[in-house]
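Peer 1: Before we start, here is the structure in question, set down as structure tokens.
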Amino acid sequence: MLIRRLALGDAPAYHAVRLRAFRDHPEAFTSSYEEEAGKPLSQAQERLAPDSPACFWGAFAPDALLPAGRLVGCVGLAPEQRLKTRHKAVVLGMFVAPEQAGRGLGGALLDALLAQARASELELLVLTVTCGNHSAERLYLKAGFASYGIEPDAIKIGARRFAKNHLFLRLRAP
């Protein structure tokens with residue numbers, strides 16, 4: 001398994017993996033499959049462009065048909081751009097294909113992201129995880145994240161409502 005930062009050439013695979021995540025796990029993301037499926041590939045290319053402030057990492061599984069491997073997971077780090085909040089970044093879009101679960105890919109993706117964040121000037125990371133997503137909550141808590149609140153009814157899918165657990169990780173003392 002290979003973990004590496006995604007590049008512009010990964011945009012088609014990244015776009016496909018994101019759509020799969022939104023379709024198969026709608027409760028885990030604030031973006032919806034319906035909204036994202038209508039967006040052009042160029043939007044994924046913009047996210048992965050070298051001059052984008054955000055960084056994304058991918059987990060690649062060996063594949064006989066794809067020399068670079070098949071993208072089976074991803075995660076992103078989006079630094080805040082406003083002057084007063086540039087000390088923090090949002091962890092977003094964590095997804096590992098269910099058939100790859102239990103292989104440590106989520107932890108490896110998060111480790112790559114944390115290494116980059118710690119090497120930067122960032123002080124604080126924040127994220128949300130859908131309450132009840134125990135594997136994701138365990139992953140983040142094991143990495144040192146702590147909860148600072150539950151947002152009830154954070155997302156609504158039809159008649160179903162889901163709460164989000166807001167987590168933070170302090171990278172360095174204020």
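We did not get these values from a lab; they are worked out from the coordinates using the rules stated. Keep in mind that what you see is a predicted model, and the values were worked out from it rather than measured. Neighbour counts are summed over all protein chains in view; Cβ atoms, including those assigned to glycine, are modelled from backbone coordinates with ideal geometry.
Peer 1: Given the conditions (1) touching a Cys at 6+ places or on another chain (Cβ under 7 Å); (2) exposed (fewer than 13 other Cβ atoms within 10 Å of the Cβ); (3) hydrophobic (A, V, I, L, M, F, W, C), which single one is not true for A37?
Peer 2: (1)
Peer 1: May I ask you to say which residue of P50, P79, P62, P67 is of a type outside the set (D, E), under 16 Å from the mean Cα position of the chain (by Cα) and more than 15 Å from L110 (Cβ to Cβ)? Talk me through it step by step, then tell me what you get.
Peer 2: Working: P50 fails: under 16 Å from the mean Cα position of the chain (by Cα); P62 fails: under 16 Å from the mean Cα position of the chain (by Cα); P67 fails: under 16 Å from the mean Cα position of the chain (by Cα).
Among P50, P79, P62, P67, only P79 is of a type outside the set (D, E), under 16 Å from the mean Cα position of the chain (by Cα) and more than 15 Å from L110 (Cβ to Cβ).
Peer 1: Select the strands (runs of 3 or more DSSP E) contained entirely in the range 72-174, then report the ones holding at least 2 residues which are without any contact (Cβ under 8 Å) to a residue 24 or more places away in the chain.
Peer 2: Counting at least 2 such residues, we get 146-157.
Peer 1: Looking at the range 68-84 only, could you name the residues that are within 19 Å of A117 (Cβ to Cβ) and surrounded by 12 or more Cβ atoms within 10 Å (Cβ to Cβ)?
Peer 2: Residues satisfying the conditions are G73, C74, V75, G76, L77, A78, P79, E80.
Peer 1: State which residue is farthest from the chain's Cα centre (by Cα) when the search covers only the range 139-174 and only residues that are loosely packed, with under 15 Cβ neighbours inside 10 Å, under 17 Å from E27 (Cβ atoms) and of a type in the set (K, R).
Peer 2: R160
Peer 1: Looking at the range 40-67 only, could you name the residues that are acidic (D, E), loosely packed, with under 13 Cβ neighbours inside 10 Å and within 21 Å of A78 (Cβ to Cβ)? Walk me through how you get there before you give the answer.
Peer 2: If we filter the range 40-67 for residues that are acidic (D, E), which is where we start, we get 46, 51, 63.
Adding the requirement that they be loosely packed, with under 13 Cβ neighbours inside 10 Å leaves 51, 63.
Passing the criteria: only D51.
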